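The values are calculated or read from the model by the stated rules, or taken from the named source; none is laboratory data. Quantities reported herein were computed from a predicted structural model and do not represent experimental measurements. Methodologically, a virtual Cβ is constructed for each residue, glycine included, from the backbone with ideal geometry; neighbour enumeration extends over all protein chains shown. To get the accessible areas, we keep the full protein, side chains included, count just its heavy atoms, and leave off ligands, DNA and RNA. Shrake-Rupley method; radii C 1.70, N 1.55, O 1.52, S 1.80 Å.
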Amino acid sequence: MVSNIGDVKEDLFADLSEKKTLFTDRSALTSHYLPNELPGREKEIRTLARHLYRAFDRCARNAFIYGVSGAGKTVVVRYVFSQLRDYKHDDGRNVDLCFINCKQTHTITQILGTLINSLTVPSNSFKPRKTWAGYSSSGLLDKFIDLYNKKERVFFVVFDEVDQLPPSSQDILYYLTRLKEQEKVNTPISTLGISNDIHFFENLDPRIQSSFGHDTFVFKTYNAVELGQILSRRVELGVKKGVVDKDVLGLCSALGAREHGDARKSLDLLRICIEIAEDQGEKKVSTNMVREADEKMESQVVQNIIESFSIHEKLVLFAILKETGRKKEATTGKIYAQYGSLCDNLHLNTLTQRRVTDYISQMDMLGIINAQVIYKGRHGRTRVICLTVQRSEVEKTLYKDEDIRTAGGSPAYKLEDFAR
Ligand code: ADP
Ligand code: MG
């Protein structure tokens, strides 16, 4: 028996010490890690490097990179630029880069602020970056141009996840590429857009499309063999010998390949199943642990999606849950009626059936439900809806919301369950 608090502390940390870990370098399996080899992307790296290098000829090298999520777009661009930044041209010029993630940085002010910071704060500095909130965009643009023209530059701006840029901010893509033509800057600015959504580029304002140029690089999806190569390199870099065998690697690769060749999914699976083995005090990962990791990841994804829903989306899902509880499948009409009575319980106005149908299509696309259109001859068509994820998972996540508990009457779960 543990006799005093001091003993408890000592045991606690001794248990978590380095000796017990199955990793040699845990960071090698995280998303921030920049490997010095990218299996399966050698050709893309070389082509992109050749394309970007031409910017030294004082002409803009704009391009658009497209590929599904987890296809290695961000990591390839980071890899190429990490080398390009270290490169000094024969005439002494080197490259300046501004990397913008449009999911986090999406207003014109934020983007211009980031551009200014990239010219003033060294990228390896830990000093907090100025936000530039409250400045006008025209003032910021002038400031940027002023700083930009202080020397002759070979300058690139990468817009990662550019499809997340709202229409109100998309003009920045146009302005930046046209600054040279308008003789506001002395050397051109090259822009690179990265997107998971190929339609984003097709749907852009034609002015922006033409200034981006027509250089599009498409990253094809990885197959299970390529994912296996990516994973085994990471295992060599970060995991102790003997922890992960061929079967485990094969399963992590196959599950990533099934998910549209997603390297992120395969890597996360690998990291999580090793952590499961650590937690269970095992020295080796089993394929069952991979499956456990897969379930853990899937339920986390479903939870995150549902938690981000508005109250009406949650009520629609709740109505689906209630209706499919009885018969497994439900029609749009029944769901709409159920949704209406849930809204009544909360004294909320209902949305139109059309809006609710849109929500149902969205949930279908997100993979939470399956909505199949059934044609009923003269009587038109209806949709038959069923859940494609675990009921209990959806129920538990929905019931975390107090409004849902109010709308639904007595909860199916005890309150203690929500904390889990
Ligand atoms: P995308 O930007 O296309 O969604 P990422 O570039 O973020 O995908 O890649 C997802 C994860 O997979 C990252 O952790 C990345 O380091 C890793 N990755 C992708 N492709 C490779 C590769 N060829 N070699 C090594 N790691 C890779
Ligand atoms: Mg990315």
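Annotations
- Members of the range 144-162 found to be at pLDDT below 95 and within 16 Å of ligand 2 (Cβ to nearest atom), listed by number: Glu161, Val162
- A single entry from Arg58, Arg26 fulfils the requirement of being more than 11 Å from ligand 1 (Cβ to nearest atom), on the phi > 0 side of the Ramachandran plot, surrounded by 13 or more Cβ atoms within 10 Å (Cβ to Cβ) and not small (Gly, Ala, Ser): Arg58.
- Subset of the range 165-182 (residues that are open to solvent by 10 Å² or more (accessible area, probe 1.4 Å) and within 16 Å of the chain's Cα centre (by Cα)): none
- Residue within the range 366-374 that is surrounded by 14 or more Cβ atoms within 10 Å (Cβ to Cβ) and part of a helix (DSSP H, G or I) present: yes
- Where helices (runs of 4 or more DSSP H) fall wholly inside the range 53-160, the ranges with 3 or more residues that are among the polar types (S, T, N, Q) are 73-86, 108-120.
- Checked against the criteria, Ala71 does not count as away from ligand 1 (no atom under 16 Å from the Cβ), within 22 Å of Val162 (Cα to Cα) and touching a residue at least 40 places away in the same chain (Cβ under 8 Å).
- Verdict on Lys103 being open to solvent by 40 Å² or more (accessible area, probe 1.4 Å) and touching a helix residue (DSSP H, G or I) at 6+ places or on another chain (Cβ under 7 Å): yes
- Only one of the numbered conditions (1) buried (at least 17 other Cβ atoms within 10 Å of the Cβ); (2) away from ligand 1 (no atom under 16 Å from the Cβ); (3) not assigned by TED's automatic domain parsing to the domain that holds Ile172 is violated by Gln280, and that is (1).
- In the set Gln300, Gln353, only one residue is surrounded by fewer than 19 Cβ atoms within 10 Å (Cβ to Cβ), free of Cβ contacts under 8 Å to residues at least 12 places away in the same chain and among the polar types (S, T, N, Q); that residue is Gln300.
- Checking Glu37 against (1) surrounded by 13 or more Cβ atoms within 10 Å (Cβ to Cβ); (2) near ligand 1 (Cβ under 8 Å from one of its atoms), the condition it does not meet: (1)
- Identity of the residue in the range 328-338, under 18 Å from Arg391 (Cβ atoms) and within 33 Å of the chain's Cα centre (by Cα), that ends up surrounded by the most Cβ atoms within 10 Å (Cβ to Cβ): Ile335
- Ser195, sole failed condition from (1) more than 24 Å from Arg50 (Cα to Cα); (2) within 16 Å of ligand 1 (Cβ to nearest atom); (3) small (Gly, Ala, Ser): (1)
- Filter result (away from ligand 2 (no atom under 16 Å from the Cβ) and closer than 25 Å to Gln390 by Cα) within the range 249-273: Leu251, Cys252, Ser253, Ala254, Leu255, Ala257, Arg258, Leu269, Leu270, Arg271, Ile272, Cys273
- Checked against the criterion of being within 18 Å of Phe56 (Cα to Cα) and either buried (at least 21 other Cβ atoms within 10 Å of the Cβ) or in contact (Cβ under 8 Å) with a residue 60 or more places away in the chain (or both), the candidates Val185, Val157, Val162 yield just one match: Val157.
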